[in-house]
1. Using a cut-off of 14 Å between beta-carbons, work out the net charge of the residues near Phe4 (Lys and Arg +1, Asp and Glu -1, Phe4 not included).
2. Each label point is 7 Å from the Cα along the Cα-to-Cβ direction; what then is the distance between the points at Asp317 and Cys212, in nm?
3. Each label point is 7 Å from the Cα along the Cα-to-Cβ direction; what then is the distance between the points at Gln170 and Ser101, in nm?
4. List the relative contact order of segment 4-298 as a percent without decimals, with contacts defined as Cα pairs under 8 Å and 6+ residues apart.
5. Round to the nearest 0.05 the FRET efficiency obtained for Ala235 and Val310 when R0 = 35 Å and r is the Cβ-Cβ distance.
6. What distance in nm separates the simple spin-label points at Met10 and Lys127, each placed 7 Å from Cα in the Cβ direction?
7. Order of Val102, Val223 from fewest to most other C-beta atoms within 10 Å?
8. Arrange the peptides 197-206, 241-250 so that the one whose residues have, on average, the most other Cβ atoms within 10 Å appears first.
Amino acid sequence: MGAFLDKPKMEKHNTHGEGNGLRYGLSSMQGWRVEMEDAHTAVIGLPYSLSMWSFFAVYDGHAGSQVARYCCEHLLEHITSNPDFRGGCSGGGDSINAEPSVESVKCGIRTGFLQIDEHMRAISERKHGADRSGSTAVGVMISPHHFYFINCGDSRALLSRKGRVHFFTQDHKPSNPLEKERIQNAGGSVMIQRVNGSLAVSRALGDFDYKCVHGKGPTEQLVSPEPEVYEIERAEAEDEFVVLACDGIWDVMANEELCDFVRSRLEVTEDLERVCNEIVDTCLYKGSRDNMSVVLICFPGAPKINPEAVKREAELDKYLQNREGGACKKHMTQHIPAEPGDKGKRQYRQSTDGGEGRMVTKVILKFKSNENKLTFAGVFECVYCGTPGGTSDGKCPPICLC
């Protein structure tokens, strides 16, 4: 079936941790893709006397997973060990133990990206066959006083502060005027919004087939490994959370929509793995066909458990348990939301059919807090054949083509 499977692989990889005044959770799923090409990094406490610093990143590989996997293991070391990162250290003459300046960190991150890209090229050439894989990279380095958001490609990071999206990185697409100008100056073209009609991102690590224009430096090639680095001062009482995710998430969820979803879930659970799993599941059912990875990093200002929200959650769970018996045992029925992005939407997975691990029902519900009832907003249809007309109690359409 080409690059896609006949049915999605829904097993998830999870991890979580806490320290340095933050908590994080992660979820990744292969989904419909033939291969899992995503990778991630999560480190609390950095080397070189930066124990109060943390680093998180998501790598979205393409044409293979080699570059993404190598970066998840080695990019941080390339950043923190290069002289540029330590070049403007403050706090005395011992640069190894002193904290680097803001400009040194930004310069060191850029240098680390260029170094690891050249290092991977050399490894590939020594193996007598260029590795054709590549990877985007999005990350955040967190110091006691600053966020350093890092982006190379079309994965994305965002910061939620005071109940709204305060910042998000810009995707590197070939259609962007500055990116397009560089591509054309290197002798390439942008067709169907792709580099030479093929690659959908204009910056990435790896992708060495697009980095061989003679006379051009590494940042002047068709595809550049240079990251954009954004520095933002932390606001301890106002910072809520940071989300890092690949385009398998952002293709189907807008920035504000995802932030609203995260805030609503943090009011009912402190389990960040669970929240990340629900994000991934939601994106799968919203139509994402890509690998999906998301990292959620929460700070003391994040939403807290809300007793009223917990109560509503329990009512929803009870309601779904009661209606499970009437759900179709032959077909899955899914709820198609009529109001995309509406706050308060919930996604559920009900029981499996005959213990075979097959999803029976997925429902997105909207709970109106000003009414003591649940309301559906949308049309039900059979997942297998698409026949519309299912009922709100989970039963299949009267006439089903499958």
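1. Numbers: positive: Lys7, Lys9, Arg33, Arg289; negative: Asp6, Glu35, Glu37, Asp290.
Taking every other residue near Phe4 into account, the sum is 0.
2. 5.7
3. My value for the distance between the label points is 2.6 nm.
4. It rounds to 22 percent for segment 4-298.
5. On the way: r = 28 Å, r/R0 = 0.80.
Between Ala235 and Val310 the formula returns 0.80.
6. A separation of 3.4 nm, rounded to one decimal place.
7. So the ranking, lowest neighbour count to highest, is Val102, Val223.
8. Details: 197-206: 22.9, 241-250: 25.8.
The packing order, highest mean first, is 241-250, 197-206.
No value in this document is a laboratory result; all are computed from the given coordinates. Keep in mind that what you see is a predicted model, and the values were worked out from it rather than measured. Ideal geometry is used to build each Cβ from the backbone, glycine not excepted, and the neighbour counts take in all protein chains shown.
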